[in-house]
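The values are calculated or read from the model by the stated rules, or taken from the named source; none is laboratory data. Fair warning: this is a prediction, and the values are worked out from it, not measured in the lab. Cβ placement follows ideal geometry from the backbone for every residue including glycine, while neighbour counts extend to all protein chains displayed. Side chains included, ligands, DNA and RNA excluded: accessible areas come from the protein's heavy atoms. Shrake-Rupley method; radii C 1.70, N 1.55, O 1.52, S 1.80 Å.
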Amino acid sequence: MFEGSFVALVTPFKDDDSLDEAKLKELIQFQIEGGTHGIVPCGTTGESPALSEVEHDRVIEITVEEINGRKPVIAGTGSNSTTRTLRATQHAKGAGADAALIVTPYYNKPTQEGLYAHYMKIADSVDIPIVVYNVPGRCGTDILSPTIARLAEHPNIVALKEATGELKRASEVVSLCPDDFVVLSGDDVNTLPIMAVGGKGVISVVANIAPADIADMCNAFNTGNLELAQKLHYKTLPLAVNLFIETNPIPAKTALNLMGKLNGKVRLPLAPMEPKNLESLRRTLVETGLI
């Protein structure tokens, strides 16, 4: 299930700031047509902290309904509250999601033992595959490789989204965990390097705007065509850089707006892209043939 390109899908909003369900369905169809291997709603790129509980549930429900079994759905269900994470994960399971992406609790700054207990509570309570999401730059908390190895002993904890930016982490986890434990890149710039040390793919921001290229890169590597995988890595590298020129998902939504697929609206406290960065992003989209 966990191999290839999984798009960290943006959440579209109408001009009045309400959830745009029609656009969400269009974006999912765009991903399917582009060959994306799986859909990840309500992650960081989906502005999950800015969604109400009702909206969060609805995005997952729409995604599962629209995919209709054609691709795996990994629903973002993590928060800084174990109780809220448990409720969201139970909902995702009931809605038909194939797995849950659970970020390390942010702001609380739990210890390694607290992180272990948090994930074990969810894994013991909900029978759904769990992808641990480690992104210290956002959360202020870093789940270390030995802790992940402990968690990997639980049958429901099956994968890691590795977004520390430290390439050695993927190697550590691959070496410490069972062979069937999956490591997915959480940084588009590091997808190919992580796959080279045993990773299986990526939960990708770039796939929002270039789904075919990211899927094809993963396919090429997994079928032994390293030359093509490298070519696509370098083709998409400028996108991977420019989509983080401001806080994600501001650039991704702006790019989709420039491509005519979205109004580009982000929800406060995120704000529209600064003009100088907008021009840099526009040039990159032109150079990569997306506009």
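So that you can scan it fast, the table gives a plain yes or no per residue for (1) under 18 Å from the mean Cα position of the chain (by Cα); (2) within 21 Å of LEU167 (Cβ to Cβ); (3) at pLDDT 95 or above:
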{"residue": "GLY201", "(1), (2), (3)": "yes, yes, yes"}
{"residue": "VAL205", "(1), (2), (3)": "yes, yes, yes"}
{"residue": "LEU228", "(1), (2), (3)": "no, no, yes"}
{"residue": "TYR234", "(1), (2), (3)": "no, yes, yes"}
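When region 64-100 is examined, which residues are found to be of a type outside the set (Ser, Thr, Tyr), within 16 Å of TYR133 (Cβ to Cβ) and surrounded by fewer than 17 Cβ atoms within 10 Å (Cβ to Cβ)?
ARG84
If ALA50 passes every condition in (1) within 27 Å of VAL158 (Cβ to Cβ); (2) open to solvent by less than 50 Å² (accessible area, probe 1.4 Å) but one, which one does it miss?
All conditions are met except number (1).
Only one of ASN263, ASN219, ASN257 is open to solvent by 10 Å² or more (accessible area, probe 1.4 Å), over 23 Å from VAL131 (Cα atoms), in a helix (DSSP H, G or I) and not hydrophobic (A, V, I, L, M, F, W, C); which?
That would be ASN257, the only listed residue that is open to solvent by 10 Å² or more (accessible area, probe 1.4 Å), over 23 Å from VAL131 (Cα atoms), in a helix (DSSP H, G or I) and not hydrophobic (A, V, I, L, M, F, W, C).
Criterion first (among the aliphatic types (A, V, I, L, M) and in a helix (DSSP H, G or I)) does VAL64 satisfy it? Let's see the steps before the verdict.
Numbers: among the aliphatic types (A, V, I, L, M): yes; in a helix (DSSP H, G or I): yes.
In short, yes.
May I ask you to say which residue of ILE74, ILE28 is touching a helix residue (DSSP H, G or I) at 6+ places or on another chain (Cβ under 8 Å) and in contact (Cβ under 8 Å) with a residue 24 or more places away in the chain? I'd like the intermediate steps shown before the answer.
Numbers: ILE74 fails: touching a helix residue (DSSP H, G or I) at 6+ places or on another chain (Cβ under 8 Å).
Exactly one residue qualifies, and that residue is ILE28.
Are any residues in region 128-143 touching a helix residue (DSSP H, G or I) at 6+ places or on another chain (Cβ under 7 Å) and closer than 17 Å to GLY76 by Cα, and if so, which ones?
Of everything in region 128-143, those that are touching a helix residue (DSSP H, G or I) at 6+ places or on another chain (Cβ under 7 Å) and closer than 17 Å to GLY76 by Cα turn out to be ILE128, ILE130, VAL132.
Being open to solvent by 40 Å² or more (accessible area, probe 1.4 Å), under 25 Å from LYS23 (Cα atoms) and touching a helix residue (DSSP H, G or I) at 6+ places or on another chain (Cβ under 7 Å): is that true of LEU228 here?
No, not satisfied.
When only residues in region 181-191 that are part of a loop (DSSP other than H, G, I, E, B) and within 14 Å of the chain's Cα centre (by Cα) count, which is surrounded by the most Cβ atoms within 10 Å (Cβ to Cβ)? Walk me through it before giving the result.
First pass over region 181-191, keeping only residues part of a loop (DSSP other than H, G, I, E, B): 181, 186-187.
Next cut, within 14 Å of the chain's Cα centre (by Cα) only: 186-187.
Details: GLY186: 27, ASP187: 23.
The extreme case among them is GLY186.
Going through ALA212, ALA207 one at a time, which residue ends up being surrounded by fewer than 19 Cβ atoms within 10 Å (Cβ to Cβ), assigned to a helix (DSSP H, G or I) and touching a residue at least 40 places away in the same chain (Cβ under 8 Å)? Give the steps one after another, and end with the answer.
On the way: ALA207 fails: surrounded by fewer than 19 Cβ atoms within 10 Å (Cβ to Cβ).
Being surrounded by fewer than 19 Cβ atoms within 10 Å (Cβ to Cβ), assigned to a helix (DSSP H, G or I) and touching a residue at least 40 places away in the same chain (Cβ under 8 Å) holds for just one of ALA212, ALA207, which is ALA212.
Which one of these does LEU144 not meet: (1) of a type in the set (A, V, I, L, M); (2) open to solvent by 10 Å² or more (accessible area, probe 1.4 Å); (3) more than 21 Å from SER175 (Cα to Cα)?
Exception for LEU144: condition (3).
Residues to consider are ALA207, ALA215, ALA196; find the one that is touching a His at 6+ places or on another chain (Cβ under 9 Å), among the small types (Gly, Ala, Ser) and closer than 28 Å to ILE157 by Cβ. First the steps, then the outcome.
Working: ALA207 fails: touching a His at 6+ places or on another chain (Cβ under 9 Å); ALA196 fails: touching a His at 6+ places or on another chain (Cβ under 9 Å).
Answer to the check: ALA215.
Considering each of LEU176, LEU160 in turn, give the residue that is open to solvent by 60 Å² or more (accessible area, probe 1.4 Å), within 20 Å of ALA117 (Cβ to Cβ), modelled with pLDDT of 95 or more and hydrophobic (A, V, I, L, M, F, W, C). Please lay out each step first, then the result.
Values: LEU160 fails: open to solvent by 60 Å² or more (accessible area, probe 1.4 Å).
The unique qualifying residue is LEU176.
Here are the criteria: (1) within 23 Å of VAL189 (Cβ to Cβ); (2) touching a strand residue (DSSP E or B) at 6+ places or on another chain (Cβ under 7 Å). Tell me which single one ALA97 does not satisfy.
(1)
Going through region 1-42 one residue at a time, which ones are part of a loop (DSSP other than H, G, I, E, B), closer than 14 Å to THR63 by Cβ and open to solvent by 10 Å² or more (accessible area, probe 1.4 Å)?
Taking region 1-42 and keeping what is part of a loop (DSSP other than H, G, I, E, B), we get 1-3, 9-12, 14-18, 20, 34-37, 41-42.
With closer than 14 Å to THR63 by Cβ added as a condition, the list becomes 9-12, 20, 36, 41-42.
Hit for region 1-42 is ASP20, nothing else.
List the pairs whose first member sits in region 112-129 and is of a type outside the set (A, V, I, L, M), whose second member is open to solvent by 10 Å² or more (accessible area, probe 1.4 Å) and modelled with pLDDT under 95, and whose Cβ atoms are under 9 Å apart, counting only residues at least 6 apart or on separate chains?
Between residues of region 112-129 that are of a type outside the set (A, V, I, L, M) and residues that are open to solvent by 10 Å² or more (accessible area, probe 1.4 Å) and modelled with pLDDT under 95, the close pairs are GLY114/ASN108; PRO129/MET1; PRO129/PHE2.
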